[in-house]
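Below is one structure, written out as C-alpha cells, with a few remarks after it.
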Amino acid sequence: MRNLSFEELMEKAISSKKDKDIRTLIRINKEFTRRVKKRILMDKKPMKTSLAGQEQTKKWIEKDAQLAKKVRTQESNKKWRIKNLSKIRRKNLTKDSDINKKKFLW
C-alpha cells in the first residue's frame, strides 16, 4: 500500500466500503495515519490529502463499528482456536499412542 497514490488508495477504500470489507478499510486508514505521522516527524506540515483520507476512512470505520467489532471477535476466536489446537496436538504427542513408545513384535 505504500507505493499507491492518494487516488488509488481512495478508490480501494470506496470499493472496500461498498463490499463491506472492514479489514481493507482499516489497512488503508493505517496507511494514511503512517503518512501523516511521517510528515510530522520530518517537521513538515502533513499533506491535506492524507489528512482528508485519514479522516474519511476513520468515519467509515466508525460507521461500520458493529461490523468491525464482529471482525475483531472472529479474529480473536481464530487465534484462540489455533492456540488450543496446538495444545491438543502437544498432548497427543505425549500419549502412549506415540510411535516412539510403541512396542513392536520383533
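Applying 1/(1 + (r/R0)^6) with R0 = 25 Å to the Cβ-Cβ distance of ARG39 and GLU62 gives a FRET efficiency near 0.60. Here the contact order of segment 1-72, divided by its residue count and restricted to Cα pairs under 8 Å and six or more residues apart, works out to 34 percent.
The percentage of C-alpha pairs in segment 1-72 whose separation is greater than 21 Å is 24%.
Bear in mind these aren't lab numbers, they're just calculated from the coordinates by the rules spelled out. Given the structure is predicted, the values throughout are model-derived calculations rather than measurements. Because the Cβ atoms are built from the backbone with ideal geometry, glycine has one as well, and the counts that use them run over all protein chains shown.
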